[in-house]
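Nothing in this text is a laboratory measurement; each read-out follows from the coordinates by a stated rule. Everything numeric in this text was worked out from a predicted model, so none of it was measured. No Cβ is skipped: glycine too gets one built from the backbone with ideal geometry, and neighbour counts run over all protein chains shown.
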Amino acid sequence: MHHFRYVGHNLQCESVDLAEVARLYGTPTYVYSAGTIADNYTRLKKSLDGVDAHICYAMKANSTLAILRHLANLGAAFDVVSGGELRRVLAAGADVSTSVFAGVGKTEEEIALALKEKIYAFHVESEPEMARINHVAGKAGVRAPIAIRVNPDVDAHTHAKITTGKSDNKFGVPLKVAPLAYEAAAKYPNLQIKGIQIHLGSQLTDVGPFVEAIKKLTPLILDLKTKYGLEYFSSGGGMGVVYREALASGATEWWDAQSAAQRPLTPEAYGAALVPLLKPLGVKVLLEPGRFLVGNAGVLLSRVEYLKRGQNKNFLIVDAAMNDLVRPAMYDAYHEIVPLHRDTSRPALVADVVGPVCESGDCFAKDRQLQQVGEGEYVAVLSAGAYGFTMASRYNSRPLAAEVLVKGSIYELIRPRETFEVMIAGERVPPFLK
């Protein structure tokens with residue numbers, strides 16, 4: 001579900017004309033729909049009726065303060081993976097005491113900060129990390145709440161760079177040694193066993209891997225509950241979203257160009273398959289979705305700079321680039337690209353949609369057919385709300401993009417475009433070079 005549609009000839013986010021946003025704030029600019037985020041959160045929460053479910057938003061997907069505040073208002077806690085993310089939760093005025101701290105490389109400083117802010121639990125990835133958390137907690141005079149991340153060796157059938165639940169991934173402890181890991185944890189004086197966690201990867205489009213993993217872990221969960229009073233089970237995140245979409249001729253909504261069998265997993269299907277497995281466990285259930293909540297809630301607005309007609313192909317050169325949205329360059333990811341003003345009388349154009357960065361990889365789409373657009377017109381890169389701005393860089397000394405949040409007919413600039421002065425503010429030329 002999303003709130004981007006054509007009204008007449010113009011693409012809107014909720015009730016806001018996106019061309020108006022582009023003219024006012026310039027481009028590249030990310031635009032997010034508050035209504036889409038709220039709908040996604042509500043649907044997921046409702047799909048788990050029957051279990052004591054708590055949503056911890058995986059903020060690595062999009063950590064802009066306004067997005068965090070919006071999700072906190074909806075009732076979400078957070079899944080953080082660094083001290084910086086934890087500080088962002090605090091800066092957004094949200095509560096860390098219901099949030100979890102994941103990641104394979106937690107530093108002593110990060111652990112101390114999380115303990116000070118009364119983190120709900122650490123998701124422990126290894127025995128050395130367990131020992132470090134115990135040490136830091138001992139110095140602070142507290143007991144650290146932990147859950148061990150168990151790697152169930154389940155193939156999520158997703159992109160190799162975003163799979164996390166197989167035995168050759170760096171995450172978690174193998175299922176077969178998990179009982180021993182919990183025995184070791186129980187011997188540490190400054191640790192409190194609170195839960196168990198899995199996470200299979202990102203952009204899962206089938207409920208099968210979730211079902212397989214939970215079935216594999218059920219005997220262990222029940223055993224740990226008896227031995228250690230296990231409080232919760234975290235099934236992680238990973239629900240996918242629709243990226244390969246098109247705008248049907250004459251339609252006002254996006255439509256899924258894939259067959260029904262290829263459509264990503266819905267919250268309703270997810271809940272229908274998992275609630276019967278989770279309910280008998282008799283423990284609290286945590287979920288850590290990121291992409292599902294925000295992926296289709298955002299677009300990246302860009303201005304056409306040139307249409308370059310080459311000998312063998314055309315190049316539509318836009319002002320957004322791989323530093324703004326790296327997913328196509330990094331993962332060969334597909335994003336639909338559409339004009340902000342749709343004119344069905346124009347001829348079709350087949351072109352590579354590329355940015356101005358001096359890399360051949362700075363390409364959003366190859367041989368893409370879209371309506372012919374010219375210099376100064378605007379396009380939107382769809383489904384850009386997750387892993388867009390959070391993975392952005394200043395490569396080629398390009399400033400970070402602006403961000404705008406829409407709610408109904410109102411919209412606000414939630415991050416101004418970075419200026420050159422801000423970009424270089426932390427740099428200095430040492431005296432020996434002067």
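A convex hull fitted to the Cα coordinates of segment 1-140 yields 136 cubic angstrom per residue. Given springs between every Cα pair under 10 Å in a Gaussian network model of the chain, which of Val241, Val142, Val318 has the largest fluctuation? Fluctuation is largest for Val142.
Please compute the length gained on full extension between Leu24 and Ser360, using 0.36 nm multiplied by the number of residues separating them and subtracting their Cα-Cα distance. Present the calculation step by step, with values, prior to reporting the outcome.
Working: separation 336, 0.36 × 336 = 120.96 nm, distance 3.09 nm.
Extra length from Leu24 to Ser360 when fully extended: 117.9 nm.
Antiparallel beta bridges, as assigned by DSSP with both residues in the chain, represent about 50 percent of the total such bridges. Here, P(r) means the percent of Cα pairs in each 5 Å bin from 0 to the largest distance; for segment 34-291 it is 1, 6, 13, 17, 19, 17, 13, 7, 3, 2, 1, 0, 0, 0. Listed from fewest to most Cβ neighbours within 10 Å, the set Phe420, Phe315, Phe233, Phe292 follows the order Phe420, Phe315, Phe233, Phe292. FRET efficiency for the Ala131 to Arg394 pair, using the beta carbon distance and R₀ = 35 Å, is estimated at 0.40. Using a 7 Å offset from Cα along Cα-Cβ at Asn10, what residues in segment 399-434 end up with backbone N under 14 Å from the label point? Hits in segment 399-434 for Asn10 at 14 Å: 409-411.
With the Cα gyration tensor of the chain giving a ≥ b ≥ c as the square roots of its eigenvalues, does the rule (a/c under 1.5 for rounded; else a/b larger than b/c for prolate; else oblate) give rounded, prolate or oblate? Since a/c reaches 1.5 and a/b is larger than b/c, the shape of the chain is classed as prolate.
On full extension, the segment bounded by Lys116 and Met330 gains 73.4 nm, given 0.36 nm per residue less the C-alpha separation. Note that segment 1-57 carries a Kirkwood radius of 13.4 Å, evaluated over its alpha carbons pair by pair.
Classify segment 296-423: rounded, prolate or oblate, from the alpha-carbon gyration tensor (a ≥ b ≥ c, eigenvalue square roots; a/c under 1.5 rounded; otherwise prolate if a/b is larger than b/c)? Could the numbers behind the result be given before it?
On the way: a/c = 1.74, a/b = 1.27, b/c = 1.37.
Verdict is oblate for segment 296-423.
With both residues required to sit in segment 34-291, DSSP beta bridges show an antiparallel share near 10%. Counting beta carbons within 10 Å around each of Glu129, Glu418 and listing the fewest first gives the order Glu418, Glu129.
The stretch between Lys225 and Ser97, if pulled fully straight at 0.36 nm per residue, gains 43.9 nm over its current Cα-Cα span.
For segment 285-301 versus segment 335-407, the inter-centroid distance based on Cα atoms is 20 Å.
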